[in-house]
Amino acid sequence: MRTRLMQIMLLGLSMLFALPGLAWAADAPKIDTGDTTFVLISSALVMLMTPALALFYGGMVRKKNVLSTIMQSFIIIALVSVQWVLIGYTLAFGPDKGTLIGGLDWLGLTGVGADPNADYAGTIPHQAFMVFQLMFAIITAALITGSFAERMRFPAFLLFTILWTTLVYDPLAHWVWAVNGWIRNLGALDFAGGTVVHISSGVSGLVAALVLGKRKGHGSEPMLPHHVPMTVLGAGLLWFGWFGFNAGSALGANGLAVSAFVVTNTAAAAAALSWTAVEWLHRGKPTVLGAATGAVAGLVAITPAAGFVAPLPAVVIGLVGGAVCYMGVAVLKAKLGYDDALDAFGCHGIGGTWGAIATGLFASKAVNSLGNDGLFYGNPGLLKAQIISIIATYVFAGVASFIILKVVGVVCKLRATGEEEEAGLDITQHGEEAYHDAIVGGSLLKGVLEAKPSAGKSNQPVGQGF
Amino acid sequence: MKKIEAIIRPSKLDDVKDALDKYGIRGMTVTQVIGCGLQKGHTQIYRGTEYSINLLAKIKVEVVVKDKLVEDVVNLIATTARSGEIGDGKIFIYPVENAVRIRTGEAGEEVV
């Protein structure tokens, strides 16, 4: 949607300045320094969201798994950055092939340079648009890791992530955002990634949680967050980075970016309040983890709507988003019994679904003339397109993730053994410990090394290389 | 020689430490422990799920004293650590066979 907007704006501008008898001067694209600055800074803000997510998730696991959880987000920054440059960007945004996928014309970023691409963003270098989109691909893959935390083996995780980004994220981004993508052609609106980012990661996370099965001892022993302040710091940084995510999706330093910024903050605030209030009523205590999670749920919910709704509807989107996600996490998950460890589906799947529906309800041309009116502004057609896009994302992400996990499961073992889970993934997958509770001096460590013939591979008694 | 092992409320540690110091006890070992007794636990709530926590944080103070001081020291700890509510803790007394000061190698009751 963002891209069509820029296209039409550029066309409008060119018509404004076109004088009779003169050639169409706007054919030579003009870079706007303000827009370029804004998109680069927004890219950096969105990049920060993935380390923020690492802290958000890391605080919620037990201390024996905090490093493995942080590592999953951190290594995804590296992994997807390289994938995107080599093939990801061209699959997602390259010249359309049959409304389903981008062609390979921009393989290795061939032809993606300093000149703007008017199809996507006519006032910034094409590479600025590319790198902004990269940050979305990174965070989306990282969001999934919350569902299979504390039990997935690192090699299987790497293989799953690279396949998922290439075979699920890249096509989906093409469908929704690329020129001639079929969901975009349908008229569905997704300003910053309600379907592409949040529903896709949430649903894929749910499938991964089901395929991997529950953590050892789930339901019988408490698995409490080991560091709630770390999680709250992560939530705060996510909120901060989300301004780049949503306002940056205007792809220009303009009124639309400001509007997206305002509704983003409003919805996050409203959802933090509603989650806290609902949990307080339900369980008798206003928890800090609840306030932080509520804010994230509100940010998820406003994401698809950010460029199309006014501040008052954003309050409603946030209030409902916080409450609905709370029900998903505290009631639905407990009833159905799946082990979505850190609620990737509960927050992103459910919050993203509500946001995509809410866009169909509250979108208004008064906010963004290049968007559309929603149901409450007399246009039921948009809601229909939204629902089709939601269903398509659920089915595609769910089925594709299932197949990818099964294929990865053939190549390597998906799950840590019971013994590895018991010892924690930090030691068994990475040979490190986040917090050294016991004083282990050189002499004691040496004893362990001598006792184990596998000392060359790992200095931990239960270590396992790959 | 006896070892007096007192499990007390964390909030009473300073009072107990000061009282022992005033009485003339020079050495002690303090450990953070968790445990349960008559006191009920509490519930914690994470994302709408309640967990009951039965093991509560306590402080373990260990002091080794000469036999003749045992009664005084036990009374001292019991009175300073007491709030009168359930959860004040317990004191255990064990016989100690010997004690050695590592620096000098001397042994016996005189080193405590």
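Throughout, read-outs are computed from the coordinates displayed, never taken from laboratory work. What you are looking at is a predicted structure, and each value in this text was computed from that prediction instead of being measured. Virtual Cβ from ideal backbone geometry, glycine too; neighbours counted across all protein chains shown.
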(request) Take each complete run of DSSP H in chain A, measure how far its Cα atoms stretch along the helix's own axis, and keep only those covering 30 Å or more with mean Kyte-Doolittle hydropathy at least 1.0; list them. (result) A:33-58, A:380-411
(message) Suppose each label sits 7 Å from its Cα in the direction of the beta carbon; what would the B:E109-B:F92 distance come out to in nanometres?
(response) 2.4 nm
(message) Once you keep just the Cα pairs under 8 angstrom separated by 6 or more residues, what percentage relative contact order results for segment A:208-308?
(response) 31 percent
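Let me know the Kirkwood hydrodynamic radius for segment A:2-411, please, with Cα pairs as the basis and the value in Å to one decimal. Don't jump to the answer; show the numbers that get you there.
Numbers: mean 1/r = 0.0474 Å⁻¹.
Taking the inverse mean of 1/r over all distinct Cα pairs, segment A:2-411 comes out at 21.1 Å.
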(request) Determine the distance separating the Cα centre of segment A:186-208 from the Cα centre of segment A:246-270; give it in Å without decimals. (result) 19 Å
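Averaged over peptide B:35-47, how many Cβ atoms belonging to another chain are found within 10 Å of each residue's Cβ?
Partner-chain Cβ atoms within 10 Å, mean over residues of B:35-47: 4.
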(request) Express in whole angstrom the spacing between the alpha-carbon centres of segment A:74-93 and segment B:36-52. (result) 45 Å
(request) Could you let me know the centre-to-centre spacing of segment A:147-167 and segment B:76-99, using Cα atoms, in angstrom? (result) 53 Å
(message) So the label point goes 7 Å from the Cα of A:L167 along Cα→C-beta, right? Which residues of segment A:202-236 then have their backbone N under 18 Å from it?
(response) A:202-212
(request) Could you work out, residue by residue across B:48-55, how many beta carbons of other chains sit within 10 Å of that residue's beta carbon, and then give the average as an integer? (result) 5
(message) Can you tell me which lysines have their Cα less than 16 Å from the Cα of B:K58? Leave out same-chain residues fewer than eight positions away.
(response) B:K12, B:K17, B:K40, B:K90
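If I take every Cα pair under 8 Å that is 6 or more residues apart in segment A:308-365, average their sequence separation and divide by the length, what percent do I get for the relative contact order?
The normalised contact order for segment A:308-365 reaches 56 percent.
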(request) Using only alpha carbon pairs under 8 Å that are at least six residues apart, calculate the relative contact order of chain B and give it in whole percent. (result) 42 percent
(request) Excluding residues on the same chain fewer than 8 positions from A:K406, give the lysines whose Cα lies under 23 Å from its Cα. (result) A:K214, A:K216
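A:L100 to A:L79: extension gain in nm, 0.36 nm per residue of separation minus the Cα-Cα distance?
On the way: separation 21, 0.36 × 21 = 7.56 nm, distance 2.40 nm.
Between A:L100 and A:L79, full extension yields 5.2 nm more.
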(request) Within segment B:1-77, report the trypsin sites (Lys or Arg not before Pro) that DSSP leaves as loop and that have at most 16 other Cβ atoms within 10 Å. (result) B:R26, B:K40, B:K66
